[in-house]
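Okay, so here's the structure we're looking at.
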Amino acid sequence: MRKKRKKHAAAPSPRVAAPAPESALADLEAGRFREAISAYKTLVTQDPALSERLAEAYEGRARQLASKGMPKEALAMWENRALVGDAPVRLDHFTLLIRLGRLEEVLQLYRHPSLGRDAGLLGAMRAHLAARYLGGSQEFRDRLAAADPVRVDGQAASRALMAYCGGDDQGVTEALASIPFRSPYRDFAQILKALVRVAEAPEAAAEQLARIDPDSPFAGLASAARLALAPEHELTGCLRGVEAAARELVFALRGWPPERSSLWRELSTLGDEPSPKALTGIVQRHRQVLGEDWSRRALLKLMFQANLSGRARLMALRPTPSESLLLQAWQREEDEDPWDIMEGWERYAGTIVKEVKPRPGSDASLALAQVLRRGDRLMGTLDPQRAHGEGSGQLAQAAASQLELSLVYDPDDRGTYLRLIDHYRGTGALKESRRLLKQAQARWSADKPLLIAAMETALAGGAFKKAAGLGREILAVDPINTGVRERLVDAHLAHARKSLRGGRGDLATKALDEAVEWARGERMGDKLELLRGFVTMAEDEPAGLGRLRSLAERLGNGLAARLTLGAEAAQSGFATPALFAGLGWSKSPKVETDDLLDFLARLRAFQDGRVELPGPLLDSFSSSLKSAARLELERGQLETACETLARAGMHKARLGFARAALRRFPGEPVFELHAFEARHGDYGYLGIQEREIERLEQAEQRAREAGDMRLAIRLEEALDRVWDANEPPGATFLDGPPGGDIGALFAQMVGILGVEGVLEMIKGPGPLANALREVQRDLGAAAFRGLLESIARSPADFAGFPFPGPMMPSSPKSGRSSPRTGKGKGKRATPLDPDRFDLDLF
Amino acid sequence: MSDPYLILGVEEGADDAAVEAAYREAIRHCSPERDPSRFEALRGAFELIRTRRDRLAYALFDRIPPSVADLLERAAPAGEPRRPERAVIEALLRGGG
């Protein structure tokens, strides 16, 4: 193109068309000031009336350049604008002149005749001059008229500033008193008043400072002062973005010594959020000032956070063996595996014992107890809701032994006693529960939580009178304790049930009457009414049935009603089928969503209350629940249904809900787990197909990726159980015994699963089930059952049975070792052996 | 700040009484109405090191690394507020136009 232009340079200039006023206006309105200036410069020569537009374009361009940090270029535009006719004075032009120190032009503009007509603009210009005056540029003071408020009030403002900096608050007040409200120093006076109050009334000072207009020439001072009032966590970051003077003001107002400011400057070079690795260097450099112990602990945490390699750790800190174990224990906590966590802390506890030899009551002794309690505190290993998972029994046993040992080192922790008492009661170990109660009550005789624990233990042991007595003791110290009141009602109800079962309707009525004394509210009333129905039925069946029928109607006559009445019947010694027949409940009810949710909630309540429901009763809900799985439930409701049914051991119904959930949420790990466990929970995890294992492994992976570590661990535990049940070649009957006694090993299987278990198992999928079905077909169903029964009766006599060949599923593709030893949930011995701790301490 | 000792301004060897006294004194100047976030920080710090067992648990199980504010407070605690130099305010006024 250039070449072409050169080529035609000698030719006559083409005629340049004059810009159109419309396009010039469009440029102006669109902020294309450079183009607008160019166009209007031409247009003004044709139409002088357009000079206003040209001035406007200059003004816009000046502001553009100023905002780009080009003050000199901006000033040139303002000067060009001033040459275009009688353009009014602009504050931006004035402030730019001040900033550039163009005193003569400042004063010239300040004295512009047009200003008399614009008091607002004049006031603003005066405020800027005032800020400049106080900012130390006093050379123009004598050039101002003697009566100019900038000059008149400036002296008082300067005195006030001097007094403030000198700490003379009285002087500040006196000097500010002579500054009138409409003075150009008004904002300054407000700021100074706020600054005086910063230490005593920071909120009031902040409010006062917030009232300063952001366009005020004093806004910079106000904003720096506000920063000094910012919360600590915001301050250090904010300081990086402000000018040095603002930082100095903050340092002074917050009392920062020079060493702190200096360290802040060093830290500020690391960015807004310094990495742990970067902070490690700072701590290393300043460890003398920070203190050796503090620095060491800080470095441990930083190294842990920075995930430094072993070599880097060594270089940074040279951790002691116990520090290394501490870091390992922290790391295990991140992985959220309860076994690993307990093991990590157990190892650390070992070093405390070895290194410190804790004495009773010493810090080391208490620390040891804390370490032993950590696994349970962190993972809730003894929580009742964890108790239903497979493998949880050994985990809880291990956790309980750690807690028991912790009481050796710190016997004054009531919470640990309560934790253990509850745990033992929940697992039916009432003797242990009572032992710990006795120890705890010897320390805290009238302690309410211990009284409650004692009452619960008495109830669990069927000592209803004792429980009632304890309940009264609790209510004596805490009369509004509704929980205890309810438990007391429950105690009387339990007593009434026991009497009813023993054929003592009179005693049952008496217990119910006693319960009435404590009952409050509709829920407790319903419980009483229900049991009273059964007491009545024991004496007068039609009357009792009538009472129960009306109660059932109130409950909706659905699944929830059947569960409630059936459970009460079972607890009171009545036959559920007879009751249901009496109530006309011969067919399974059609289930609606509300009824299903009510049923599940009541089932959970029975589980929480550890009420054992008879299998036939639960089985009677199977067909209803099967159809209920088709109801449109939300994801959370489906999960709750699966969990509740799992706790109840209702695996068929659980499988129905899990499958329904997987149809709507394909591959969802939690439902994969439920489907798998429900399919195999009753069959002892034998004969699992490889496809299922892969599916479970994929679910575990997805759970990990989603950060749901608890679910991932549950899935991993399920996989472990598969491997545990399918030991490597030679270990079980699945692969044939070393001596070839397949019959003895088959007997072992019958011993594990029971006759019904084996019969149930062969209905399931997998090669083992297929093989057994084949045997059943060969022998016939009755003979097969008979064979199983004879094996169960006398397993030792059963040798040489023609059991099918090895059926261990082939190793999965993932390369999972079998069985896994590193994370053998439920396989470890109790992890804590007090002897390992050199317990010669006391 | 994350270090409860620094938040409450107590030594690491402080006993229950010293920790409680520091907490009471701090909240006397910083009620929940006056400065909720500071109050919450004080309350949280107090809960972390309230008793001997709490302090031991903090020493063993806390793995939150020190923040910049922790390092500053530990190395050179802030003292009493002071008045700035006049030159500082003048510089701010010159730059604030």
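If you go through the range B:1-38 and pick out every residue that is aromatic (Phe, Trp, Tyr) and touching a helix residue (DSSP H, G or I) at 6+ places or on another chain (Cβ under 6 Å), you end up with 1.
Quick check on the range A:288-297: of everything there that is surrounded by fewer than 16 Cβ atoms within 10 Å (Cβ to Cβ) and at the interface with chain B (Cβ under 8 Å from one of its Cβ atoms), which residue is nearest to B:Ala76 (Cα to Cα)?
Ranking the candidates gives A:Val289 first.
When you look at A:Gly291, is it at positive phi, at pLDDT 85 or above and out of contact with any Pro (no Cβ under 7 Å at 6 or more places or on another chain), yes or no? Explain how you work it out, then say what you get.
Working: at positive phi: yes; at pLDDT 85 or above: yes; out of contact with any Pro (no Cβ under 7 Å at 6 or more places or on another chain): yes.
Judged against the criteria, A:Gly291 is a match.
Condition test on A:Glu174, is it within 8 Å of chain B (Cβ to nearest Cβ), charged (D, E, K, R) and farther than 13 Å from B:Val68 by Cα? The answer is no for A:Glu174. I'd like the full set of residues that are touching a residue at least 60 places away in the same chain (Cβ under 8 Å), more than 7 Å from chain A (Cβ to nearest Cβ) and of a type outside the set (Ser, Thr, Tyr), limited to the range B:53-76. Correct list: B:Asp70, B:Glu73.
Identify, from the list A:Gly573, A:Gly556, the residue that is more than 28 Å from A:Glu634 (Cα to Cα) and surrounded by 13 or more Cβ atoms within 10 Å (Cβ to Cβ).
Numbers: A:Gly556 fails: more than 28 Å from A:Glu634 (Cα to Cα).
Of the residues listed, the single one that is more than 28 Å from A:Glu634 (Cα to Cα) and surrounded by 13 or more Cβ atoms within 10 Å (Cβ to Cβ) is A:Gly573.
Within the range B:1-22, the set of residues being over 24 Å from A:Thr236 (Cα atoms) and assigned to a helix (DSSP H, G or I) comprises B:Asp16, B:Ala17, B:Ala18, B:Val19, B:Glu20, B:Ala21, B:Ala22. Taking the criterion of being assigned to a helix (DSSP H, G or I), among the small types (Gly, Ala, Ser) and surrounded by fewer than 19 Cβ atoms within 10 Å (Cβ to Cβ), the residues of the range B:36-90 that qualify are B:Ser37, B:Gly44, B:Ala59, B:Ala87. Taken over the range A:247-267, the criterion of being at the interface with another protein chain (Cβ under 7 Å from one of its Cβ atoms) and of a type in the set (Gly, Ala, Ser) is satisfied by A:Ala252, A:Gly255.
Here's a check for you: in the range A:222-237, which residue that is of a type outside the set (Lys, Arg) and in contact with a Leu (Cβ under 6 Å, 6 or more places away or on another chain) is nearest to the other protein chains (Cβ to nearest Cβ)? The qualifying residue nearest to the other protein chains (Cβ to nearest Cβ) is A:Ala224. Of all residues in the range B:18-35, none satisfies being crowded, with 20+ Cβ neighbours inside 10 Å, modelled with pLDDT under 95, more than 14 Å from the chain's Cα centre (by Cα) and within 7 Å of chain A (Cβ to nearest Cβ). Quick check on A:Phe188: is it farther than 30 Å from B:Pro77 by Cβ and facing chain B (nearest Cβ under 9 Å)? Considered against the rule, which asks whether it is farther than 30 Å from B:Pro77 by Cβ and facing chain B (nearest Cβ under 9 Å), A:Phe188 comes out as yes. For the range A:268-287, a residue qualifies if it is more than 8 Å from chain B (Cβ to nearest Cβ), part of a helix (DSSP H, G or I) and either free of Cβ contacts under 8 Å to residues at least 12 places away in the same chain or surrounded by fewer than 22 Cβ atoms within 10 Å (Cβ to Cβ) (or both), and the qualifying residues are A:Ser268, A:Lys277, A:Ala278, A:Gly281, A:Gln284, A:Arg285, A:Arg287. The set of residues in the range A:404-423 that are away from chain B (no Cβ under 14 Å) and β-branched (Val, Ile, Thr) comprises A:Val408, A:Ile421. Does the range A:358-373 include one or more residues that are in a helix (DSSP H, G or I) and within 30 Å of A:Leu645 (Cα to Cα)? For the range A:358-373, residues in a helix (DSSP H, G or I) and within 30 Å of A:Leu645 (Cα to Cα): absent. The residue pairs whose first member lies in the range A:192-221 and is within 18 Å of A:Ser158 (Cα to Cα) and more than 10 Å from chain B (Cβ to nearest Cβ), whose second member is in a helix (DSSP H, G or I) and at pLDDT 90 or above, and whose beta carbons are closer than 7 Å, counting only pairs six or more residues apart or on different chains, are A:Lys193/A:Leu176; A:Lys193/A:Gln208; A:Ala194/A:Ala205; A:Ala194/A:Gln208; A:Ala194/A:Leu209; A:Ala194/A:Ala225.
The values are calculated or read from the model by the stated rules, or taken from the named source; none is laboratory data. Note that the coordinates shown come from a computational prediction; the quantities given were computed from them, not determined experimentally. Using ideal geometry, Cβ is built from the backbone for each residue, glycine included, and neighbour counts are taken over all protein chains shown.
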